[in-house]
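The values are calculated or read from the model by the stated rules, or taken from the named source; none is laboratory data. Owing to the predicted nature of the structure, the values given are computational and were not obtained by experimental measurement. Note that each Cβ is placed from the backbone with ideal geometry, even for glycine, and that neighbours are counted across all protein chains shown.
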Amino acid sequence: MKNSVRVRFAPSPTGYLHVGGARTALFNWLFARHHGGKLILRIEDTDLSRSSDEMVEGILEGMRWLGLAWDEGPFFQSQRFERYRVFTAELLEKGLAYRCFCRPDSPAAADANGEIPSWSYDRRCRALEPSEARRRAEAGEPCAARFRVPEGKTAYRDQVYGDIEVENEQVEDFVLLRSDGMPTYHLGVVVDDLDMQITHVIRGADHISNTPKQVLLYRAADKPLPEFAHLPLILGPDKQRLSKRHGATSVMAYSEMGYLPEAFFNFLALLGWSPGDDRELLSRDELISLFSLERVGKANAVFGIDKLDWFNSQYLTRCDTATLGGIVSRELYAAGVWRDSTEALPEEGMHRTLELLKPRARKIGDFSGRFRAFFTDDFSYDEAAAAKFLSDSRLRGFVRSLIERYREDDQFTLGSTEKHLRGLAEREGVKPALLMHALRVGLTGQGVAPGLFDVMVTLGRSRTLNRLERLCSRLAGKNGE
RNA sequence: GUCCCCAUCGUCUAGUCGGCCUAGGACACCGCGCUUUCAAUGCGGCAACACGGGUUCGAAUCCCGUUGGGGACGCCA
């Protein structure tokens, strides 16, 4: 089995698994599975200060949630320093790299308010006599190792973007090993990809400009290049790079909001890739067999939450009650009322409610908001929405009579509440629909909610009464009574 | 600023190396139907080849330029 595909996902643990990282991981995973290859997980934690175990765990958690299992690793760069040192020593030996004694921050820092940081290392240490430089280094003078960028141009073929070429003059003599002995990103990536026999480097397009440096390193090491494939970036609605500013940026935040991993997975797969036909709702297996780098697009994609919501609703209406119950219970636990509500209802009633909610759950946002309104008392009454259906005074009259009725009624079931409501509306010559709309808004504070009777029964008699009374007094207050 | 990349409906995109595109699908939005319950569902509608030059019998598809957007320019990754 030679030439088998080996790809890697190599996040740096400086933050949780974010949307862009997840998409990169996802594409790598799909590619590996499609080709029956391996996905290696590598943690690029060479930046001592910015990395933490907590972040590593956060990334693993995100990957597990999405169901992206890796085959090898996680490997940590922080445990491979010796490899980087040896690699660099060889380049130093061959004169392909040189020691630099400049202070880490000498010419650059200046650019205070200038938004355009631009300077390139002036290569002043390039001319140092190797033996002299070595002597100084051995004498204890701190120094970094820089790559000696040759003349000419550097080109590589990208599986997505095609041929990319740059003049080497545009590439500075980048640092390989910092003065504290830590490897830089470029060094780590190349050494690791080589050691781990990575065949395809699939990563974000923000690395396109970095790739020539790495290509130069492969050449210096006299090793063949892996295939490179850069993925278009995912942007926020304002076409700017996705950031906290755009709301949730961590994958797990979506889990907490109630998005199903299958939905998120499906949505992400279609960001920057498409099967080529009109299919959108695709299972993992379908995605695996359909995926190919040729079909990855080049233009950056905006992360549109509306479409994600749609995918979520599609999966939500298809998922089983247990899964749905899991989501619901999270919400209810958060509201601290789960136990309360289950006790209030016979088990079958609860299940029935969940069943009924299933096809109606559209956006998870509404969905969870709905439940909050259901089981807690901090719902807010949307007067404008209710007024669309019935005038306040009219509505108040109904609410009054409902309260009276329910005070006596100990039979609070789906059938009886519906029967009663319809009867009431008819006697008063009002379309039942109007009353039901108005009550839905009044009871849940939501414009979109499950069926009214489900709401009432699920709330239970006392809660319903409670809310009806509050609604009534609001209406009264409004009429200045 | 320098270099690299990108450019089809508001958004995700299809458009296999020019003709079958009077540009297709999905989300969102609007309308209608179904349900004497919003939603969901069904049907329909609105809506794009950034601009300007070429090349060609013929260009969304090829070339050049302009504009716009993104990325990279660290002893961050």
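Things worth noting here:
- One residue alone among A:Glu82, A:Glu57 is part of a helix (DSSP H, G or I), away from RNA strand B (no atom under 15 Å from the Cβ) and within 23 Å of the chain's Cα centre (by Cα), and that residue is A:Glu57.
- Inspection of region A:169-179 identifies no residue that is farther than 30 Å from A:Ala299 by Cα, in contact with a Gly (Cβ under 8 Å, 6 or more places away or on another chain) and not in a strand (DSSP E or B).
- Residue within region A:216-235 that is part of a loop (DSSP other than H, G, I, E, B), within 16 Å of RNA strand B (Cβ to nearest atom) and within 17 Å of A:His18 (Cα to Cα) present: yes
- Qualifying residue in region A:245-253 (condition: within 13 Å of RNA strand B (Cβ to nearest atom), over 23 Å from A:Val5 (Cβ atoms) and surrounded by fewer than 21 Cβ atoms within 10 Å (Cβ to Cβ)): yes
- Highlighted here are the helices (runs of 4 or more DSSP H) found entirely within region A:372-454 that include at least 2 residues which are in contact with a Phe, Trp or Tyr (Cβ under 7 Å, 6 or more places away or on another chain), closer than 18 Å to A:Arg467 by Cβ and at pLDDT 80 or above: A:414-427, A:432-444.
- Considering A:His207, A:His230, A:His186, the condition of being surrounded by fewer than 21 Cβ atoms within 10 Å (Cβ to Cβ), under 25 Å from A:Glu167 (Cβ atoms) and in contact with a helix residue (DSSP H, G or I) (Cβ under 8 Å, 6 or more places away or on another chain) is satisfied by A:His186 alone.
- Answer residue from region A:144-158, given it is more than 31 Å from the chain's Cα centre (by Cα) and either assigned to a strand (DSSP E or B) or aliphatic (A, V, I, L, M) (or both) and is farthest from A:Leu128 (Cα to Cα) among those: A:Ala155
- Selected residue (only one of A:Gly140, A:Gly188, A:Gly152 is more than 9 Å from RNA strand B (Cβ to nearest atom) and touching a residue at least 12 places away in the same chain (Cβ under 8 Å)): A:Gly152
- The set of residues in region A:257-291 that are over 18 Å from the mean Cα position of the chain (by Cα), more than 6 Å from RNA strand B (Cβ to nearest atom) and not in a helix (DSSP H, G or I) comprises A:Pro275, A:Asp277, A:Arg279, A:Leu281, A:Leu282, A:Ser283, A:Phe291.
- Of all the residues in region A:252-272, those that are closer than 12 Å to A:Asn312 by Cβ and touching a Phe, Trp or Tyr at 6+ places or on another chain (Cβ under 7 Å) number 10.
- Residue count for region A:159-196, restricted to those that are in contact with a Pro (Cβ under 9 Å, 6 or more places away or on another chain), over 20 Å from A:Leu225 (Cα atoms) and not hydrophobic (A, V, I, L, M, F, W, C): 4
- The one condition from (1) within 12 Å of RNA strand B (Cβ to nearest atom); (2) within 26 Å of A:Ala32 (Cα to Cα); (3) of a type in the set (S, T, N, Q) that A:Gln240 does not meet is (2).
- A count restricted to region A:1-16 and to residues that are within 13 Å of RNA strand B (Cβ to nearest atom) and modelled with pLDDT of 95 or more stands at 4.
- Residue match in region A:4-22 (condition: assigned to a strand (DSSP E or B), within 32 Å of the chain's Cα centre (by Cα) and at positive phi): no
- Looking only at region A:292-321, and only at residues there that are β-branched (Val, Ile, Thr) and within 26 Å of A:Leu233 (Cβ to Cβ), the one that is modelled with the lowest pLDDT: A:Ile305
- Matching option when the condition is of a type outside the set (A, V, I, L, M, F, W, C), away from RNA strand B (no atom under 14 Å from the Cβ) and modelled with pLDDT under 95, among A:Gly73, A:Gly114: A:Gly73
- Every test in (1) under 29 Å from A:Gly181 (Cα atoms); (2) in contact with a Phe, Trp or Tyr (Cβ under 6 Å, 6 or more places away or on another chain); (3) near RNA strand B (Cβ under 10 Å from one of its atoms) is passed by A:Phe147 save one, and that test is (3).
- Residues (under 15 Å from the mean Cα position of the chain (by Cα) and within 6 Å of RNA strand B (Cβ to nearest atom)) located in region A:292-319: A:Ala301, A:Val302, A:Gly304, A:Asp306, A:Lys307
- Criterion (over 23 Å from A:Val296 (Cα atoms), modelled with pLDDT of 95 or more and within 25 Å of the chain's Cα centre (by Cα)) met by exactly one of A:Tyr185, A:Tyr218, A:Tyr161: A:Tyr185
- Within region A:403-432, the set of residues being touching a residue at least 40 places away in the same chain (Cβ under 8 Å) and within 13 Å of A:Leu390 (Cβ to Cβ) comprises just one member, A:Val430.
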